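The values are calculated or read from the model by the stated rules, or taken from the named source; none is laboratory data. Small disclaimer: the values here were computed from a predicted structure and weren't measured. Neighbour counts run over all protein chains shown; Cβ positions are idealised from the backbone, glycine included.
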Amino acid sequence: MAIILNIETSTKNCSVSIARNGEIIAIKELNNGNYSHAEVLHPFMQEILIEADILSEELDGIAVSKGPGSYTGLRIGVSAAKGLCFALNIPLISIDTLLALSHSINVDNGAIVPMLDARRMEVYAAVFDSGHNKIRKVQAEIIDEASFSKYLSLGTVYFLGDGAQKCQEIITHKNAVFILDKFPSSRQMAALSYQKYVRQEIEDVAYFEPFYLKDFVVIAEKKKKPTF
């Protein structure tokens, strides 16, 4: 039996769950349009431990969404996960954010394209088949009318995640289906983290870093011209 705490902070959704053998027994989420992870993540973890009637010492592992996604969000989630693993001496499991997001829908055929907003017309996206097998690796890409045309020409393509809304205005192919109410969640992480725990696919706690995909860039504020 394995009890795993799952942490998802890669987007504006702050999500924490506890699962036993891959089945959710407690979950808390907040998606209020802001990055509130620094304020709510640790209280959420404490609250679901109480709700599930589980002591932190009973946890067998900590799973964290590894990215891509928000630089700050990923740092907060990974730092919390690593701290717990060090303190409790339990394994760290990382979950591909876009893989977990792809599991938020089930389809019989076609392709699934989970995508996260990367500002302007850029997204972080991967492509999965209907069995949630990755058929194109994660990329940062600028969306235009020809985006994903290879997959759209073959059949239905389901676009989901917070990057899908802006793509809806650009990708107008008849085979494009947009699902706008899905976001990365610790709910979908539960089964995935248990599978990795069973296979002992764990991370080196000391050296693990999130998958940012792109370097963090600080945009300097323009200086105002002096007035005399």
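Here the condition is being within 18 Å of the chain's Cα centre (by Cα) and within 20 Å of TYR194 (Cβ to Cβ); of ILE48, ILE62, it holds for ILE62 alone. The single condition among (1) buried (at least 21 other Cβ atoms within 10 Å of the Cβ); (2) outside the structural domain of VAL16 (by TED's automatic domain parsing); (3) hydrophobic (A, V, I, L, M, F, W, C) that ALA190 does not satisfy is (2). Within the range 5-24, residues that are farther than 16 Å from ALA81 by Cβ and of a type in the set (D, E, K, R) sit with their Cβ atoms under 7 Å from residues that are surrounded by fewer than 24 Cβ atoms within 10 Å (Cβ to Cβ) and at pLDDT below 95, at 6+ positions apart or across chains, in these pairs: LYS12/ASN31; LYS12/GLY33; LYS12/ASN34; LYS12/TYR35; ARG20/MET1.
For the range 145-174, the set of residues classified as in a loop (DSSP other than H, G, I, E, B), touching a residue at least 24 places away in the same chain (Cβ under 8 Å) and not aromatic (Phe, Trp, Tyr) consists of GLU145, SER147, LEU154, GLY155, THR156, GLY161, ASP162, GLY163, ILE170, ILE171, THR172, HIS173, listed by residue number. When the range 138-172 is limited to residues that are under 21 Å from ASP96 (Cβ atoms) and of a type in the set (Asp, Glu), the one that is surrounded by the most Cβ atoms within 10 Å (Cβ to Cβ) turns out to be ASP162.
Among the residues of the range 180-218, those that are within 21 Å of CYS14 (Cβ to Cβ) and hydrophobic (A, V, I, L, M, F, W, C) comprise LEU180, PHE183, MET189, ALA190, ALA191, LEU192, PHE208, PHE211, LEU213, PHE216. Checking the condition of a type in the set (Gly, Ala, Ser) and over 16 Å from the mean Cα position of the chain (by Cα), which residue from SER149, SER193 passes? Going through SER149, SER193 in turn, just one is of a type in the set (Gly, Ala, Ser) and over 16 Å from the mean Cα position of the chain (by Cα): SER149. Restricting the first member to the range 99-124 and to residues that are closer than 12 Å to GLY69 by Cβ, and the second to residues that are among the charged types (D, E, K, R) and not in a strand (DSSP E or B), the beta-carbon pairs closer than 7 Å and six or more apart or on different chains are LEU101/LYS182; LEU116/ASP162; ASP117/ASP162.
There is no residue in the range 173-182 that is of a type in the set (Val, Ile, Thr), surrounded by fewer than 17 Cβ atoms within 10 Å (Cβ to Cβ), within 21 Å of ALA63 (Cβ to Cβ) and at pLDDT 95 or above. When the range 160-179 is limited to residues that are over 17 Å from THR11 (Cβ atoms) and polar (S, T, N, Q), the one that is nearest to the chain's Cα centre (by Cα) turns out to be GLN168.
Considering the conditions (1) in contact with an Asp or Glu (Cβ under 6 Å, 6 or more places away or on another chain); (2) exposed (fewer than 14 other Cβ atoms within 10 Å of the Cβ), GLU51 is excluded by exactly one of them, (1). Within the range 100-117, the only residue that satisfies the criterion of being surrounded by fewer than 21 Cβ atoms within 10 Å (Cβ to Cβ), hydrophobic (A, V, I, L, M, F, W, C) and within 25 Å of ILE7 (Cβ to Cβ) is ILE105.
Taking the range 143-181 as the range and being basic (Lys, Arg) and either farther than 19 Å from SER130 by Cβ or not assigned by TED's automatic domain parsing to the domain that holds LEU116 (or both) as the test, only LYS166 passes. Exactly one residue among ILE135, ILE93 is touching a residue at least 12 places away in the same chain (Cβ under 8 Å), surrounded by fewer than 16 Cβ atoms within 10 Å (Cβ to Cβ) and under 20 Å from the mean Cα position of the chain (by Cα), and that residue is ILE135.
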